[in-house]
Structure formats: structure tokens, C-alpha cells
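Have a look at the structure below, then the notes.
The values are calculated or read from the model by the stated rules, or taken from the named source; none is laboratory data. Not measured: the values here are computed from a predicted model. When we count neighbours, we look across all protein chains shown, and the Cβ atoms used for this are built from the backbone with ideal geometry, even at glycine. With ligands, DNA and RNA removed, areas are computed over all heavy atoms of the protein, side chains included. Shrake-Rupley method; radii C 1.70, N 1.55, O 1.52, S 1.80 Å.
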Amino acid sequence: MACSKLAELEATALRRELSETGRGDAGEATRDGQQMISFCCNDYLGLSQHPQVKQAASEAIKQYGAGAGASRLVTGNHPLYDDLETRLAGLKETEASVVFGSGYLANLGIPPVLTGRGDLILADELSHASMHAGIRASNADSLFFRHNDMADCQRILDEQRGHYRHCLIMTEGVFSMDGDRAPLVELCDLADRYDAWLMTDDAHGIGILGNGRGSAAEAGVGGRIPLQMGTLSKAIGSYGGFICAAKPVIDLLINRARSLIYATGLPPAAVAAASAALDVIEKDEQLVRIPMERAQRFTRQLSLPEPESTIVPLITGTAETALAASRVLAEEGFLVTAIRPPTVPEGTARLRFTFAAHHSDEDIDRLVAAVRKTGILS
Ligand SMILES: *Cc1c(COP(=O)(O)O)cnc(C)c1O
């Protein structure tokens with residue numbers, strides 16, 4: 001049975017394979033013996049390789065060991081969590097926060113705690129797979145509005161809100177595969193008007209937008225979004241997920257979120273690294289600005305729209321065309337993986353470029369020349 005399922009994937013160019021990939025500290029990636037520059041990593045600030053961050057991780061291992069030993073409610077809540085959670089809440093202008101094992105686990109665990117039978121979850125249709133997992137795990141009804149379409153969102157609220165007790169609106173601050181941002185001011189207004197909660201997944205905004213605070217701060221609505229989720233695994237350079245919210249919400253999640261309660265706490269090194277990374281982000285405002293400047297250098301040379309984040313997609317259409325373009329770039333020394341369905345909707349396979357502080361102007365200029373060679377822009 002597995003073989004026939006694999007053959008089907010193979011036939012539609014949708015089979016995926018793990019490739020051993022080495023990463024260096026200036027955006028280098030080594031794959032199949034070839035040294036390349038990666039333009040598909042989410043380590044936007046290079047913090048996974050930062051000396052201070054690595055140092056903090058090593059010290060945490062020396063002091064607390066390699067693993068957490070149990071879930072946070074048992075013995076896995078080592079002393080490093082408190083500092084990290086206090087800082088995350090401060091960054092997102094909420095009362096409190098709680099750290100999960102990953103962003104996926106946070107999104108999986110939160111919706112079922114806040115909503116259930118008789119409630120409605122209304123989400124952007126392009127929401128991340130982990131949000132869909134959380135929506136499915138909840139007993140609430142779910143509806144999806146057209147991507148970033150506030151008229152559609154309002155139409156659904158108008159028609160449906162009255163039939164439900166609670167309503168939770170979910171979206172991404174920065175869309176992970178499209179690089180555009182959600183209209184957060186309008187969403188806050190709709191949430192207010194229709195008495196709904198708003199939850200944002202800002203996996204790709206933290207460390208980049210709003211002086212590092214994320215897309216809510218960038219949009220000037222930091223204090224208005226009651227549920228702000230994010231990950232420590234992208235610009236923060238470590239691992240883990242989190243949600244920032246009011247204290248009672250956080251207390252409820254600690255009591256009820258199954259993906260928090262029944263999963264082992266993070267290794268101490270991951271927590272220490274995340275705190276150290278937040279230190280760097282707070283102190284080095286210049287560093288935080290660089291990834292967006294790199295993305296702009298890329299889009300301007302190719303006459304693409306101004307980037308809204310460090311993520312710039314070039315849609316090729318079929319999975320085959322995306323794979324072919326990715327191979328051309330690899331021959332030119334650039335690692336940009338093809339993104340195919342089901343990660344993105346059918347017919348919208350793409351190259352997803354991400355820009356980071358460690359990319360040089362020259363890297364970008366050479367990448368631009370390589371992209372022209374792929375022929376995908378014509
Ligand atoms: C990566 C990502 C996640 C998952 O976060 P992890 O910490 O990697 O599990 C969730 N949402 C979005 C939008 C993401 O891009």
C-alpha cells in the first residue's frame with residue numbers, strides 16, 4: 001500500500017525526499033557535496049549560528065543537562081523558562097506567555113482549548129498547516145475567508161456570527177509561503193465589532209518587523225491582539241513555540257492544552273538560546289533591519305512588487321516547473337527549494353526565496369542573475 005502511494009506521488013512530481021544539508025554561519029549550505037548559498041532558510045538573522053546564542057545553549061547544557069526529563073507540569077519546567085516567557089510577553093505587549101514544544105504544537109493545542117461545540121473558528125484560507133491541525137482538533141465549526149479579503153471575512157461574520165456562542169478569527173501576521181501580511185488593523189476592527197477573538201501566527205514577523213517585535217507592532221496594534229502566537233525556530237534561531245495572551249488565558253492553556261501537557265518540555269539549551277537571541281534582537285536594531293533591505297534589493301532588480309516581509313515567492317505553476325527552476329539555481333550555487341502542493345494550493349507551486357542578514361549585496365546580485373537564467377520570469 002505504501003509503495004503505490006509513493007508511486008502516485010512520484011508520478012505527479014510530488015514525492016519529497018530528505019537531503020542531508022550542512023549549514024555554515026554565513027548562509028552556506030552543503031548538499032550532496034556541493035557548497036551553496038541558501039536562500040530558503042528561515043534563520044533570517046543568522047542567530048542559530050551567533051556566538052552569544054551558541055554560548056548560552058552550551059552553558060545551559062552544562063548547568064541543566066541535555067533534555068528536560070518530563071513535561072513542564074511534571075519536572076520539565078527548568079528555571080530558564082521564566083525569563084523567556086516574561087520577555088516574550090513584553091515583546092508582544094501582553095500580560096503573559098507560555099512556551100510550547102514547537103510552533104506546530106502551539107497551533108495544534110490552542111484552538112481546542114478556546115473553542116468547542118457551538119463555537120465558530122473563522123480562518124484565512126492560506127493559514128499554515130499547523131493552524132488547520134488545531135482547527136480540526138477543535139469541536140468548533142470552521143469556515144475560511146478568502147486570503148486577506150476583509151469583505152469576505154465580514155460577509156461570513158454577518159451571516160454566521162449570530163449562530164454561535166464564541167468566535168475565533170485566525171490568521172498569519174506574515175504568510176509563510178506568500179510573504180504578504182495580514183491587514184491586522186481591519187481584523188482587529190472586525191474582531192471588536194463582531195465580538196470575536198483574534199489569534200495571529202507571527203512565525204515570520206518576530207525578529208524582523210516592528211523593530212523585532214513582529215507584525216502586530218509594525219501595524220500599530222500590538223496591544224489589541226489578544227492571542228499572539230509565534231515560534232522560536234525562525235528568526236530566533238532556536239526551537240519551540242509560544243503564545244502571548246492575558247494571564248487567565250495562559251493559565252487555562254497550561255491546564256488544558258494537550259500538546260503542552262502531554263509533551264516533554266524543551267531541552268534547556270533551546271530555551272537559553274532563545275533568550276540570548278532576544279537579547280541580540282533588542283540590542284542590535286541595525287541587524288534587525290538588514291533582512292528586509294536584502295529582500296528589497298532582490299525585488300527591485302527584478303521589478304517585482306516591494307516585499308512585505310523577508311519572504312518573496314516566485315510562482316511557477318506546476319510542481320515540475322518549480323523543481324526545474326530550483327535545479328537551475330542549484331547549478332548556479334543557490335539553494336532554493338521548490339514548494340509544491342499540498343504545502344501551497346494546486347497550480348501555485350513556487351520558488352520561495354527568503355532573505356537573511358548574512359547575505360551580502362553580491363550574493364543577491366548573483367542570485368538575481370541566476371533567477372533570470374531559470375526563465376521563470378518571462
Ligand atoms: C514554521 C511555522 C509554524 C511552525 O513552527 P515550528 O516552531 O517550526 O513548529 C507555524 N506557523 C507558521 C506560519 C510557520 O511558518
(request) Rank Gly205, Gly265, Gly223 by mean-square fluctuation in a GNM of the chain with C-alpha springs under 10 angstrom and give only the top-ranked residue. (result) Gly223
(request) Quick one: dipole size for the chain, taken about the Cα centre, charges +1 on Lys/Arg Cβ and -1 on Asp/Glu Cβ, in debye to the nearest 20. (result) 660 debye
(request) Amide H neighbours of His78 under 5 Å, at least 5 residues apart or on other chains, H built in the peptide plane: list them. (result) none
(message) Could you compute the net charge surrounding Arg350? Neighbours are other residues with a C-beta less than 14 Å from the C-beta of Arg350; K and R count +1, D and E count -1.
(response) -2
(request) Provide Rg and Dmax in Å for the chain, with only Cα atoms included in the calculation. (result) 20.7, 59
(request) With both partners inside the chain, how many of the DSSP beta bridges are antiparallel, as a percent to the nearest 5? (result) 60 percent
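What percentage of the solvent-accessible surface of region 1-56, computed with a 1.4 Å probe over protein heavy atoms, is contributed by carbon and sulfur atoms?
52 percent
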(message) Name the residue from Val271, Leu260, Leu287 whose Cα lies farthest towards the positive end of the charge dipole of region 252-312, charges +1 on Cβ of Lys and Arg and -1 on Cβ of Asp and Glu.
(response) Leu260
(message) Run the reach check for Lys283 against lysines, Cα to Cα strictly under 22 Å, same-chain hits fewer than 8 apart removed. What comes back?
(response) Lys54, Lys92, Lys234
(message) With only alpha-carbon pairs counted, each pair once and no self-pairs, how large is the Kirkwood hydrodynamic radius of region 280-378 in angstroms?
(response) 14.0 Å
(request) Using DSSP to define loop residues, name the chymotrypsin sites (Phe, Trp or Tyr not before Pro) in region 184-274 whose beta-carbon has at most 15 other beta-carbon atoms within 10 Å. (result) Tyr262
(request) Quick one: pull the percent of accessible area on region 205-285 belonging to carbon and sulfur, 1.4 Å probe, ligands and nucleic acids left out. (result) 49 percent
(request) At a Cα cut-off below 16 Å, give the aspartates and glutamates reachable from Lys5, other chains included and same-chain residues fewer than 8 away excluded. (result) Glu17
(message) Checking the a/c ratio against 1.5 first, then a/b against b/c, what shape does the Cα gyration tensor give for region 1-125?
(response) oblate
(message) Can you give the local net charge around Val312? Use residues other than it whose beta-carbon is closer than 14 angstrom to its beta-carbon, Lys and Arg +1, Asp and Glu -1.
(response) +1
(message) Once ligands and nucleic acids are excluded and a 1.4 Å probe is used, how much of Asp365 is accessible, expressed in Å² to the nearest 10?
(response) 50 Å²
(message) Suppose all protein chains stay in the model; what accessible area per residue would a 1.4 Å probe give for the chain, in Å²?
(response) 44 Å²
(request) Collect residues whose amide H, placed 1.01 Å from N in the peptide plane, falls under 5 Å from the amide H of Leu198; neighbours closer than 5 in sequence don't count. (result) Ile169, Leu227
(message) Based on alpha-carbon centroids, what's the gap between region 350-378 and region 214-245 in Å, whole number please?
(response) 28 Å
(message) As a test question: what accessible area, to the nearest 10 Å², does Leu80 have when a 1.4 Å probe is rolled over all protein chains in place?
(response) 40 Å²
(request) Calculate one ³J(HN,Hα) per residue across region 225-236 by plugging θ = phi - 60° into the Karplus curve 6.51 cos²θ - 1.76 cosθ + 1.60, and present them in order as whole Hz with x for glycine and proline. (result) 9, x, 10, 10, 9, x, 10, 9, 9, 10, 4, 6
